[in-house]
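Input: a single structure, listed below in structure tokens.
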Amino acid sequence: MLEIKKKGVLMKTIIEPFKIKMVESIKMTTREQREEIIKKAGYNLFLINAEDIIIDLLTDSGTAAMSDLQWSGIMHGDESYAGARSYHRFFNKVQELTGFKHIIPTHQGRAAERILFEILAQKGKYIPSNTHFDTTRANIEYNGAEAVDLVIDEAKDPNSLHPFKGNIDLEKLENFIKEKGAENIPVCMLTITNNSGGGQPVSLENIRGAKEICLKYDIPLFLDACRFAENSYFIKMREPGYQDWSCRKIAQKIFSYADGCTMSAKKDALVNIGGFLAMNDDDLGLQARNVLIVTEGFPTYGGLAGRDLEAIAQGLDEVLDEDYLHYRIRTVEYMGERLDKMGVPYLKPTGGHALYLDAKAFAPHIPLEQFPGQAIAVALYIAGGIRSCEIGGIMFGKNDPETGTYIPPMLELVRLAFPRRVYTQSHFDYVLEVIEEVYQNRDQLKGFRFTYEAPMLRHFTAQFEMVD
Ligand code: P71
């Protein structure tokens with residue numbers, strides 16, 4: 001993207017490493033129409049029709065454009081109930097990549113989480129992680145256990161340029177295990193990349209360190225692996241010693257330290273639906289398959305069609321193409337460079353799948369209990385039809401059960417997540433223009449309060465009114 005100087009070398013525009021063979025039209029709307037639409041949706045961007053969005057950066061999950069080879073896989077998917085050819089292709093691809101013995105397809109990531117935590121997470125148990133994503137946390141808490149985030153302190157500072165801000169604090173992890181007792185910790189998780197902390201990578205050294213501690217206390221280490229390819233690319237770029245390794249080899253190394261993983265294939269398997277749960281332990285594998293049969297389907301399809309398994313197998317190959325990964329990560333970096341020029345505050349360094357605006361610094365006049373991130377997200381929609389996602393107080397804030405006082409989360413962010421292979425350079429330049437407009441008028445942004453709030457995962461269905 002654009003011509004830039006990097007480490008003294010003049011680099012040419014990083015072009016999208018694909019051609020477009022099929023298009024989907026975007027409906028344009030006016031500002032007045034969007035003001036009406038967002039008001040009707042109770043100022044909740046999840047409740048707007050996708051048709052009424054110009055650039056949809058709500059999520060990078062399930063929104064990828066599949067390739068010609070993935071679509072042809074769809075056509076020759078084997079839809080047999082048991083032992084389908086497509087299952088074997090899927091199984092072999094996932095095994096080649098991860099090395100895990102048991103590989104259980106699920107309809108998406110949270111289905112894998114639900115199965116794992118139904119087995120492992122009961123009341124009195126603790127599950128540490130660098131940072132749990134909201135569906136992971138919800139599945140742990142739903143089963144009565146406690147989800148604990150132990151990310152390094154640098155992750156809490158939006159301006160820290162630490163190259164691996166997704167790392168778990170190894171000292172905190174070991175102290176936590178000693179404090180709670182290894183018998184109360186059925187599994188330790190690492191989210192790669194760390195989505196809630198800004199799409200930040202975890203280093204191989206940190207993964208190896210976490211595994212050493214887990215081994216010492218006989219605790220299995222599981223990866224929430226949905227952005228494993230992006231994490232591998234960051235290791236190649238930033239961690240000494242891996243520059244000459246292929247991203248595939250790095251990914252294999254990452255998985256070699258883990259005892260299992262949950263995976264939302266809707267991210268780095270480049271598909272619109274799918275996921276899996278994998279592990280080495282035979283007993284856990286057996287239990288997981290038994291839960292799967294009751295709630296998802298037979299173990300050779302697990303809530304998916306044979307064609308979905310074909311598309312995942314193909315996607316897992318394509319996502320490790322380094323021209324693709326270079327273009328992908330460079331896009332986010334380019335957005336960050338342009339925001340730097342405008343003085344717009346965002347979470348640094350730019351991560352893998354998204355750009356995260358720093359809402360506290362962007363709109364400091366809005367009190368945290370009035371959700372400054374939501375104010376920015378609504379303004380981006382009204383100004384340019386861009387759908388982003390608040391990852392702050394609405395998603396992670398809590399009220400003290402005794403005093404009712406609002407407890408804000410560590411960071412207040414607005415995430416602009418980039419669907420894979422969907423938007424082009426001019427779409428991204430348009431997004432930058434809209435952010436600039438909202439930033440220039442930031443003094444006029446107003447906060448929000450709930451008029452409806454569900455007991456769990458409230459961001460999906462909440463209704464708001466603007467605070468005057
Ligand atoms: C994302 C999502 C999807 C999402 C979820 C909640 C609100 C908005 C969008 C899903 C993840 C994830 C990680 C690290 C597990 C899941 C669940 N992310 N772990 O970022 O990022 O996967 O959606 O396939 O069930 O937009 P699933």
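The values are calculated or read from the model by the stated rules, or taken from the named source; none is laboratory data. Nothing here was measured: the structure is a model prediction, and the numbers come from that model. Neighbour counts are summed over all protein chains in view; Cβ atoms, including those assigned to glycine, are modelled from backbone coordinates with ideal geometry. To get the accessible areas, we keep the full protein, side chains included, count just its heavy atoms, and leave off ligands, DNA and RNA. Shrake-Rupley method; radii C 1.70, N 1.55, O 1.52, S 1.80 Å.
Residue count for region 409-468 under the criterion of being modelled with pLDDT of 95 or more, of a type in the set (Lys, Arg) and assigned to a helix (DSSP H, G or I): the result is 1.
Looking only at residues of region 29-61 that are away from the ligand (no atom under 16 Å from the Cβ) and in contact with a Phe, Trp or Tyr (Cβ under 7 Å, 6 or more places away or on another chain), we find that the one that is most open to solvent (accessible area, probe 1.4 Å) is TYR43. Each residue in region 113-152 was checked for being under 16 Å from the mean Cα position of the chain (by Cα) and small (Gly, Ala, Ser), and 2 pass. ASN159 passes every criterion in (1) open to solvent by 20 Å² or more (accessible area, probe 1.4 Å); (2) within 25 Å of GLU113 (Cβ to Cβ); (3) assigned to a loop (DSSP other than H, G, I, E, B) apart from (2).
Is it true that some residue in region 367-376 is more than 15 Å from TYR43 (Cβ to Cβ), surrounded by fewer than 15 Cβ atoms within 10 Å (Cβ to Cβ) and more than 16 Å from the ligand (Cβ to nearest atom)?
Just the residues of region 367-376 that are more than 15 Å from TYR43 (Cβ to Cβ), to begin with: 367-369.
Checking which are surrounded by fewer than 15 Cβ atoms within 10 Å (Cβ to Cβ) leaves us with 367.
Checking the rest, the ones that are also more than 16 Å from the ligand (Cβ to nearest atom) come to 367.
Yes, because at least one residue in region 367-376 is more than 15 Å from TYR43 (Cβ to Cβ), surrounded by fewer than 15 Cβ atoms within 10 Å (Cβ to Cβ) and more than 16 Å from the ligand (Cβ to nearest atom).
Scan region 399-414 and tell me whether some residue there is open to solvent by 10 Å² or more (accessible area, probe 1.4 Å) and within 16 Å of the ligand (Cβ to nearest atom). Don't jump to the end; show me each part of the working.
Residues of region 399-414 that are open to solvent by 10 Å² or more (accessible area, probe 1.4 Å), as a first pass: 399-411.
Restricting the remaining residues to those that are within 16 Å of the ligand (Cβ to nearest atom) gives 409, 411.
Scanning region 399-414 turns up at least one residue that is open to solvent by 10 Å² or more (accessible area, probe 1.4 Å) and within 16 Å of the ligand (Cβ to nearest atom).
Summed over region 377-415, residues that are within 22 Å of ALA155 (Cα to Cα) and in contact (Cβ under 8 Å) with a residue 40 or more places away in the chain total 14. Annotation: of all residues in region 103-146 being over 15 Å from GLY274 (Cβ atoms), open to solvent by less than 10 Å² (accessible area, probe 1.4 Å) and assigned to a strand (DSSP E or B), the one that is nearest to the ligand (Cβ to nearest atom) is SER129.
On the given criteria, is LEU380 open to solvent by less than 10 Å² (accessible area, probe 1.4 Å), in the same structural domain as LEU445 (by TED's automatic domain parsing) and away from the ligand (no atom under 15 Å from the Cβ)? Write out each step before concluding.
Details: open to solvent by less than 10 Å² (accessible area, probe 1.4 Å): yes; in the same structural domain as LEU445 (by TED's automatic domain parsing): yes; away from the ligand (no atom under 15 Å from the Cβ): yes.
Against the criterion (open to solvent by less than 10 Å² (accessible area, probe 1.4 Å), in the same structural domain as LEU445 (by TED's automatic domain parsing) and away from the ligand (no atom under 15 Å from the Cβ)), LEU380 qualifies.
So, of the residues in region 38-55 that are touching a helix residue (DSSP H, G or I) at 6+ places or on another chain (Cβ under 9 Å) and free of Cβ contacts under 8 Å to residues at least 60 places away in the same chain, which turns out to be nearest to ARG421 (Cα to Cα)?
Restricting attention to region 38-55, the residues satisfying the condition of being touching a helix residue (DSSP H, G or I) at 6+ places or on another chain (Cβ under 9 Å) are 38, 40-41, 43-49, 52-55.
Then keep just the ones that are free of Cβ contacts under 8 Å to residues at least 60 places away in the same chain; that gives 40-41, 49.
Values: LYS40: 31, ALA41: 29, ASN49: 22 Å.
Restricting to residues being touching a helix residue (DSSP H, G or I) at 6+ places or on another chain (Cβ under 9 Å) and free of Cβ contacts under 8 Å to residues at least 60 places away in the same chain, the top hit is ASN49.
If you scan region 82-99, which residues turn out to be assigned to a helix (DSSP H, G or I) and either of a type outside the set (A, V, I, L, M) or over 18 Å from ALA229 (Cα atoms) (or both)? Please lay out each step first, then the result.
Just the residues of region 82-99 that are assigned to a helix (DSSP H, G or I), to begin with: 85-98.
Hits for region 82-99 are ARG85, SER86, TYR87, HIS88, ARG89, PHE90, PHE91, ASN92, LYS93, GLN95, GLU96, THR98.
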